[in-house]
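Enquirer: Pasting in a structure now, in structure tokens, and then I'll have a few things to ask.
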Amino acid sequence: MNRGKRESLEQKATDLWRNVPGGPPVAVEKVAAFVGAEIRQEPADVEVSGMVWRSPQGAIIGVNSLHSKTRRRFTIAHEIAHLVLHNDDSFHVHEGYALVGRRDGDASLGVYRKEVEANYFAAALLMPKELLLRDVEVQRLRFDFESEDTIKAVARTYQVSPQAFTIRLWEVFGISLSGVL
Ligand SMILES: [Zn+2]
């Protein structure tokens, strides 16, 4: 993804978040309601993280209720991203974080691109740049981002996984961390 695309996704996620401001943690269920999606949490095979189904009556986001809270939040944000960004798909099931389709053709490359976009948007929605700036720049003295404990503690306030938080720090600030991923 080039810089222009990332900035565009960042902006769209920020604009959406401003409708349901606040956090951390960002009220991702309220964001889903704002875009007209109903959330259904059901047990599913461990490999399945979620699905999104769109109909003229509205959208349904299915989430694997057996997954951890942080993962379920990321799944909801990811499916919201598809609803906002990719309105040409009516149905989508996800295995794992990124739907890994067959990558041996133009169509699957298109699917892969959408997954990368959805993951970037989801992270930007759950960890808005504005909140991160406050936490990382203003309170920098309080945090030791070399410390795994610090990463875990701050990630907990966003209700995201330490891995997702670390990736987001790298994307926004170029802060590289070892030992977490
Ligand atoms: Zn997806």
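Where a number appears in this text, it was derived from the coordinates with a stated rule and is not lab data. A quick note: this is a predicted structure, and the numbers were derived from the prediction, not measured. Glycine gets a Cβ as well: all are built from the backbone with ideal geometry, and neighbour counts include every protein chain shown.
Enquirer: Given a Förster distance of 41 angstrom, what is the FRET efficiency for Phe173 paired with Asn87, based on the Cβ-Cβ distance and rounded to 0.05?
Expert: Working: r = 31 Å, r/R0 = 0.77.
The formula returns an efficiency of 0.85 here.
Enquirer: Further question on the same structure: Using the number of other C-beta atoms within 10 angstrom as an exposure proxy, rank Trp170, Trp17, Trp53 with the fewest first. Don't skip to the end; give the middle numbers.
Expert: On the way: Trp170 13, Trp17 24, Trp53 18.
By the 10 Å Cβ count, ascending, the order reads Trp170, Trp53, Trp17.
Enquirer: While we're on this one: Which whole-percent values make up P(r) of the range 3-127 when all C-alpha to C-alpha distances are grouped in 10 Å steps starting at zero?
Expert: Percent of Cα pairs in each bin: 13, 47, 34, 5, 0.
Enquirer: Restrict the search to the range 5-68; then list the GluC sites (Glu not before Pro) that DSSP places in a loop and that have at most 11 other Cβ atoms within 10 Å of their Cβ. Intermediate values should be presented prior to the final figure.
Expert: Values: sites: Glu7, Glu10, Glu29, Glu38, Glu47; in loops: Glu47.
Hits after loop and neighbour filter: Glu47.
Enquirer: Continuing with this model, one more query. Are there trypsin sites (Lys or Arg not before Pro) in the range 1-59 that DSSP marks as loop and that have at most 15 other Cβ atoms within 10 Å, and which are they? Spell out each step's value before the answer.
Expert: Values: sites: Arg3, Lys5, Arg6, Lys12, Arg18, Lys30, Arg40, Arg54; in loops: Arg18.
Those satisfying the criteria are Arg18.
Enquirer: If the cut-off is 25 Å between C-alpha atoms, which lysines fall inside it for Lys5, apart from same-chain ones fewer than 8 positions away?
Expert: Lys5 reaches Lys114, Lys129.
Enquirer: Taking H as built 1.01 Å from N, whose amide H comes closer than 5 Å to the amide H of Gly62, not counting residues under 5 places away?
Expert: Long-range HN contacts for Gly62: Arg40, Met51, Val52, Trp53.
Enquirer: How much length would be gained if the chain were fully extended between Arg3 and Arg156, taking 0.36 nm per residue of separation minus their Cα-Cα distance, in nm to one decimal?
Expert: Extra length available between Arg3 and Arg156 comes to 52.2 nm.
Enquirer: How large is ³J(HN,Hα) for each residue in the range 147-152, as worked out from phi by the Karplus curve 6.51 cos²θ - 1.76 cosθ + 1.60 (θ = phi - 60°), to whole Hz, x for Gly and Pro?
Expert: 8, 4, 5, 5, 4, 5
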